[in-house]
Amino acid sequence: MALLNPRTSTSPSATRTVRTTNQSSVRRRNKLILHLLLIIGSVTMVIPFVWMLFTSVKSPAELAQFPPTFFPQEWHWSNYAEALDAAPFDKYFRNSLIIATGHTLITLVIGSMAGYALARIRFRGREIIFLSMVAMLMIPTYTKIVPQFLIVKFMPLFGGNDITGQGGSGWLDSWWALLIPGGLSAMSIFLFRQFYLTLPKELEEAARLDGLGEFRIFAQIYTPLMKPAVATVALLTFQESWNNFLWPLLVTTSDDLRVIQVGLAVFQQVEATAWQYLMAGTTLATVPMVLLFVMAQKYFIQGFTNSGIK
């Protein structure tokens, strides 16, 4: 009977080494493919912003060329100064900043309280309220425009209206219409609830043993631990309010209450569109959001990671 040659047999350690090497090469290949896909996606998202920046410094003659050019032949930085002179953009920026800041503060205060109540306080009808808010998330925003407009217009005892809401304009063309309807959203309450559910219950029990009431548990125990949550909701709320166009356009008529997004419409005329000024104004309107995200991106990413929202 022939004996096996030990030199030709494969040892278990060699087999494990080969398997580990193959797995490492597969992981490196998958990681490389993932990075390539992320790079392609990033470039695809950045190109429109780069195009906007380059367009903002082109001359009208260059913008009229066909085929269009990507890089400017001449850099006309004066387009920014001329765009700012074409309309009172300092006033538009101020209005947008006031509205976005107001919405953010209202959301952080009231939304966090509502989210805490739905996550930590047991009361009758809590699940029904939560399911109702989830159902509200499925309603498209633009389907709520007409009911909100009618509520604002027929607000009793405002804008010349009587007790029944007739005879005047209500909240139309006022700061009330710009600040109150968009001050809180079901999405912000939902996000806060999800964040509060991730915190340990033992903190609440220990606080109750120390004699803390419900509000102090909310304000002193749980909320200070939610910096990522606060940053996430604040950034989303500020961004949505800053970029809002349709609602301010509907409820305001005076130039003193116009916001930056509505103000950019002055460059879009029926006869022609001043693309260089429109892109310059759009670039200036984008800068605050970019800076805000850069400053809060650490907490923003951490917030979505810790909340369990996919």
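Table for the structure above
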{"item": "Extreme residue, surrounded by the most Cβ atoms within 10 Å (Cβ to Cβ), among residues of the range 35-83 that are touching a residue at least 60 places away in the same chain (Cβ under 8 Å) and among the hydrophobic types (A, V, I, L, M, F, W, C)", "result": "Ala83"}
{"item": "Test result for Ser9, at pLDDT below 85 and among the small types (Gly, Ala, Ser)", "result": "yes"}
{"item": "Qualifying residue in the range 163-175 (condition: in a helix (DSSP H, G or I) and modelled with pLDDT of 90 or more)", "result": "yes"}
{"item": "Sole exception among (1) within 30 Å of Lys58 (Cα to Cα); (2) in contact (Cβ under 8 Å) with a residue 40 or more places away in the chain; (3) in contact with a Phe, Trp or Tyr (Cβ under 8 Å, 6 or more places away or on another chain) for Asn244, by number", "result": "(3)"}
{"item": "Output for the range 157-178, where each listed residue is more than 18 Å from Thr253 (Cβ to Cβ) and surrounded by 17 or more Cβ atoms within 10 Å (Cβ to Cβ)", "result": "Gly165"}
{"item": "Residues being under 32 Å from the mean Cα position of the chain (by Cα), surrounded by fewer than 16 Cβ atoms within 10 Å (Cβ to Cβ) and basic (Lys, Arg) - total across the range 192-221", "result": "2"}
{"item": "Criterion (among the aliphatic types (A, V, I, L, M), assigned to a helix (DSSP H, G or I), modelled with pLDDT under 90 and within 23 Å of Phe215 (Cβ to Cβ)) met by exactly one of Met113, Met133", "result": "Met133"}
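For (1) at pLDDT 70 or above; (2) in contact with an Asp or Glu (Cβ under 9 Å, 6 or more places away or on another chain); (3) outside any loop (DSSP other than H, G, I, E, B); (4) over 21 Å from Asn79 (Cα atoms), each residue gets a yes or a no:
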residue: Ala14; (1), (2), (3), (4): no, no, yes, yes
residue: Val18; (1), (2), (3), (4): no, no, yes, yes
residue: Arg28; (1), (2), (3), (4): yes, no, yes, yes
residue: Leu37; (1), (2), (3), (4): yes, no, yes, yes
residue: Gly41; (1), (2), (3), (4): yes, no, yes, yes
residue: Phe49; (1), (2), (3), (4): yes, no, yes, no
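The values are calculated or read from the model by the stated rules, or taken from the named source; none is laboratory data. In this text, all values refer to a predicted model and were calculated from it rather than measured experimentally. As a convention, Cβ positions derive from the backbone with ideal geometry for all residues, glycine included, and neighbour counts pool all protein chains shown.
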